[in-house]
Amino acid sequence: MKHLRSLTAMALGAALLGSTAPLSLAATPDNMLVIANRIDDMKTFDPAESFEFAGADVSRNVYEKLVNFDPMDLEAGYQPQVAESWELSEDGKTITFTIADGHVFSTGNPVTAEDVAFSLQRAVKLNKTPSFILTQFGFTPENVEEMVKVTGENTVEVTLDKPYALSFVLNCLTATIGGIVDKTAAMENEVDGDMGSEWLRTNTAGSGPYKVASYKPNESVMLDLNPNYHGETPAMERVVVQHIQESATQRLMLERGDIDVARNLSPEDVAGLDGVEGVKVVDELRGRLMYFSANQKVEMLADPKVLEALKYAVDYQGMADSFLTGQYTVHQAFLPKTFLGALEDQPYSYDMDKAKAALAESGFPDCGPIKISVRDAQDRMDIGQSLQNTWGQLGCDVELIVGTGAQTLDRYRAREHDVYLGAWGPDYPDPNTNAATFAENPDNSDEAGNTGYLTWRNAWDIPEMSQKTQAAVVENDTEKRAEMYREIQAEHQQTGPFGVMFQQIEQNAMDESVENFVAGGATTAVSYWVITK
Amino acid sequence: MTSTETHAPRRQIMPKWLKRVLGTAATISVTLLGLLFVTFMIGRVMPIDPVLAVVGERASQAQYDAVYQELGLDKPLLVQFGIYITDVLQGDFGRSIRTGMPVSDDIARVFPATLELATLGTLLGVFLGVPLGVIAAVKRGSWIDQTARLVGLVGYSMPIFWLGLMGLLVFYGILGWVAGPGRVDIFYDGIVEPITGMLLLDSALRGEWDVFRNAFSHIVLPACLLGYFSLAYISRMTRSFMLEQLSSEYITTARVKGLSEWHVIWRHAFRNIRIQLITVIALSYANLLEGSVLTEIIFAWPGIGSYITVSLLANDMNAVLGGTVVIGVIFVGLNLFSDLLYRFFDPRSK
């Protein structure tokens, strides 16, 4: 069905290109931004639980955090927001935040130190999926009230289980789970001890520039201005995000002027917009990586020379220039470009001579059967077919095992794959988010069940590299920390069973009047409050 | 020896109509129960982990285990099914993993959208398809017949999503005659307080004629598309039924008796195909109610077809089961309705 739909989308694209009749253009109001996006992954607005892309987009515009990114200068890193300043104790374990005056929730209540402590405690106590971002600092539902507490009228003290790099802690607090919730509103709507979780699923109580005015699952979400927002009033007084599944439909609506931004256009539709008057396409590098990984339980794939051969026998640039054009760029390290310490070296390029030479030196000169687990998404199947072709030239008998996302993930987590072709996006904007999963494996035994570590899923036992990764996360000298990550990545590229291939480029098409549309880069989500048109 | 005992006529313990009602109710219950059982079991034995669908890829083992217990997956399958049925009987279909909302709320939101669309589509199909089929049969071999057959053939063979996208391109994109995807323009969204959930009906009932016009402009294209497919099926079946009747001896007799052609066609032949047509129309309606997934996706129409499909792909089994119950009830309900109409139109079945 997806194949046919893609073909149809292409047919429509061709028809659009071929049509000479101009599309009559309407326009959305100047103070309203209308976006077409796929929002069917949106489950909740509660920052303690929200962990999906569409949810993060809403959260970033609704909830403020202790520290946050400036959308107009993402490279500057975290900046003060609800916390006007912070201080690290001498032992490096306690951070004292001073809460700024003047921040007010959309409910009318002022943002206090009590709200800050409550929000962080609540996220740990509720123990939802993203809670690991906070619990990695040693917080538990039992101890969090002691570890995160109000110590003065406008101060909150956060005590960690051991010293960490301050940048690591603050980067984690910029994640969605760091959103500050109005304690009064949440507790007024508490049901059966859920700390307002059910209410916050579809309602918001934040101090950010917007509040959710209406939400229809799989249909639309509408944001209106937070009348109490302390900052400059955003130009877009209302933001509407409509769920439009089909790329071709998004394109048509954009060309008709019924939407301002189309966020899920296929490469064909993006190409189709070339030269269309009144529409522009803005490229932005995001944090998602596309990689393959080889299960080290499979004897042949545990041979370093076989891995080297497989890495050389990938047509990186060919794929990036053909079916992935505009959507992905070649990148071969586990930290996305723009992350602290990201390594931009690309040691591998498509070279069949080197690949064959490496294979000849391995214990498996004739290669052998390789099953690639790949989910039924078009881009991944295309990459899988390319690998099947080039690895086939090495003499490998490659079979694609296509399944739904859940099916392939099941096999991957159970360590039942040969090669897994997948994508990975950072959970929070700190290098440790990827380092801790690509380059750390605390216990490789089956019994450990460390499914959260990609290293474990691939049965890659790396005690020394794990130590290096753990050392990097506590290094307080930022430049030294960055260098440590670069070294780990270089080693990872050479020895790891991972072949990182691409980094995502997000192509957002929009009306040419739309300015300052920042999707969030590799580190955060979209920011509506700076947009003008 | 002859028996002198005489049997008193057995007392009718239960009136015949009550027996029939109870029998029908039992059949419906067993059908729905069977449908639920099969869907439930398929969901449980599929090689997909429902816990992962809830907690996501990054969850810790502790979070995974907690949800595993919470979903009751540690219990035997039959016990799980028993618990599910008990909840369903209390109106609790569980919570959708994907939307985070109670499934009953989701269905209450998406079903009226599909009902509105499918009803309009079926009405178009019936009002155009039946006369076309009759005329095609009467004028067999004529250009009208050929046209009707071509319409039917195209309707059968053209992929609906292609036709939908082309319809959007031409009538929305180029000509601008109709509104785009979605049920209503964002400017009108939320103006009408829902009564039935069907926007056209609700806006009319509330007297919000601007919203009505806008909603009509949005629904007209997908409804025409579905109507076309419905028309193709209904006209083809009508033609076939009519041809059979028109070749019958009683029709020849009627013509010999000098009855007008109009009388022969509509009062004799058509009268006898009504029962078959009811089944065809009911089936077509039921198919549009559950099978218009692609139309819903292309037109960003938040209906039950796409709800079930997307839920199935996300392994959101509560949503799939809830949707299955609704679709099951629709099929059973339409069958029942057809039966009642049979009895009304055909005295023999009374």
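Given contacts defined as C-alpha pairs under 8 Å and at least six residues apart, what's the relative contact order of the stretch A:54-177, whole-number percent? The value is 28 percent. Here the residues A:E344, A:E114, ranked from fewest to most Cβ neighbours within 10 Å of their Cβ, fall in the order A:E344, A:E114. What is the antiparallel percent of DSSP beta bridges lying wholly in the stretch A:285-506, to the nearest 5? Looking only at bridges with both residues in the stretch A:285-506, the antiparallel portion is about 60 percent. Quick check: the distance between the Cα centres of the stretch A:455-533 and the stretch A:318-338, to the nearest angstrom? The stretch A:455-533 and the stretch A:318-338 have Cα centres spaced 13 Å from each other. Shape of the stretch A:122-182 from its Cα gyration tensor (a ≥ b ≥ c, root eigenvalues): rounded if a/c is under 1.5, otherwise prolate when a/b > b/c, or oblate? In terms of gyration-tensor shape, rounded. The mean count of C-beta atoms from other chains within 10 Å of the C-beta of residues in B:311-318, rounded to a whole number, is 2.
Couplings 3J(HN,Hα) of the stretch A:509-518, computed from phi: 9, 8, 4, 5, 7, 6, 10, 6, 7, 10 Hz, in residue order, whole Hz [Karplus 6.51 cos²θ - 1.76 cosθ + 1.60, θ = phi - 60°; x for Gly and Pro]. Pairs exceeding 18 Å between alpha-carbon atoms, taken from A:K128/B:K75; A:K162/A:K337; A:K65/A:K337; A:K311/A:K356: A:K128/B:K75; A:K162/A:K337; A:K65/A:K337. For A:R288, the residues 5 or more places off, or on other chains, whose built amide H falls under 5 Å of its own are A:Q504. Full extension of the chain between A:E515 and A:V402 gives 36.6 nm of extra length, using 0.36 nm per residue less the Cα-Cα distance.
To the nearest 0.05, how large is the calculated FRET efficiency for A:E447 and A:D91 if R₀ is 41 Å and r is the Cβ-Cβ distance? With a Förster radius of 41 Å, E is 0.70.
Extension gain for the segment B:A25 to B:V170, taken as residue separation times 0.36 nm less the Cα-Cα distance, is 47.4 nm to one decimal. Take the Cβ atoms of B:R206 and A:E416, set R0 to 56 Å, and the FRET efficiency comes out at 0.50. For the protein assembly as shown, the 222 nm mean residue ellipticity estimated from helices alone, with every DSSP H stretch of n ≥ 4 adding -39500 (n - 2.57) and the total spread over all residues, rounds to -14500 deg cm²/dmol. Scanning chain A for DSSP H helices at least 18 Å long along the axis (C-alpha atoms) with a Kyte-Doolittle mean no lower than -0.5 picks out A:2-18, A:113-126. With Cα atoms as the point set, the stretch B:145-240 shows a radius of gyration and Dmax of 16.2, 48 Å. Which percent of the Cα-Cα distances in chain A go past 30 Å? Of the Cα pairs, 52 percent sit more than 30 Å apart.
Our note on the geometry: Cα centres of the stretch B:274-350 and the stretch A:104-132, 45 Å apart. All other residues whose Cβ lies under 10 angstrom from that of A:K354 are scored, Lys and Arg at +1 and Asp and Glu at -1, for a net of -1.
Rg and Dmax over the alpha-carbon atoms of chain B stand at 25.6, 96 Å. Each part reduced to its alpha carbon centroid, the stretch B:186-247 and the stretch B:63-107 end up 35 Å apart.
The mean sequence distance of close C-alpha pairs (under 8 Å, at least 6 residues apart), as a share of the length of the stretch A:285-506, puts its relative contact order at 35 percent.
Amide H to amide H distances under 5 Å link A:E84 with A:T98, A:I99, A:A100, where only residues 5 or more positions off or on other chains count and H is placed in the peptide plane. Across every pair of non-identical alpha carbons in the stretch A:285-506, the mean reciprocal distance, once inverted, gives a Kirkwood radius of 17.4 Å.
Note: relative contact order over chain A, using C-alpha pairs below 8 Å and six or more positions apart, is 20 percent. Once the Cα-Cα distance is subtracted from the 0.36 nm per residue extended length, the A:A377 to A:A271 segment shows a gain of 36.1 nm.
For A:K371, the residues whose amide H sits under 5 Å from its own are A:E399, A:D418, A:V419, ignoring neighbours fewer than 5 places away on the same chain, with H placed 1.01 Å from N.
How would the stretch A:345-392 be classified by its alpha-carbon gyration tensor: rounded, prolate or oblate, with rounded meaning a/c under 1.5 and the a/b versus b/c comparison settling the rest? Because a/c hits 1.5 or more and a/b fails to exceed b/c, the stretch A:345-392 counts as oblate. Given R0 = 41 Å, the distance between the Cβ atoms of A:E479 and B:K75 translates into a calculated FRET efficiency of 0.15. Note down the net charge around B:I174, summing +1 for each Lys or Arg and -1 for each Asp or Glu among other residues with Cβ under 11 Å from its Cβ. Result for the neighbourhood of B:I174: 0. For the stretch B:253-294, a Kirkwood hydrodynamic radius built from all Cα pairs, placed in the Stokes-Einstein relation at 10 °C and 1.306 mPa s, yields a translational diffusion coefficient of 129 µm²/s. By other beta-carbon atoms within 10 Å, ranking B:V256, B:V264, A:V82 with the fewest at the front produces B:V256, B:V264, A:V82.
Screening chain B for whole DSSP H helices with an alpha carbon extent of at least 20 angstrom along the helix axis and a mean Kyte-Doolittle hydropathy of at least 0.5 yields B:16-45, B:103-138, B:209-246, B:270-291, B:317-345.
Counted over chain A, the DSSP beta bridges are approximately 75% antiparallel.
Each residue of the stretch A:324-332 was assigned a 3J(HN,Hα) from its phi angle through the Karplus expression (A = 6.51, B = -1.76, C = 1.60, θ = phi - 60°), giving 9, 4, x, 9, 9, 10, 5, 8, 10 Hz with x at Gly and Pro. Peptides B:243-253, A:170-180, B:107-117 ranked from most to least packed by the mean count of surrounding Cβ atoms within 10 Å: A:170-180, B:107-117, B:243-253. Kirkwood-type hydrodynamic radius, the stretch A:80-190: 14.1 Å, calculated from all non-identical alpha-carbon pairs. For B:L259, neighbours were defined as the other residues whose beta-carbon sits under 15 Å from its Cβ, and their charges (Lys and Arg +1, Asp and Glu -1) total +2.
Throughout, read-outs are computed from the coordinates displayed, never taken from laboratory work. Because the structure is a prediction, the values reported are computed rather than measured. Glycine gets a Cβ as well: all are built from the backbone with ideal geometry, and neighbour counts include every protein chain shown.
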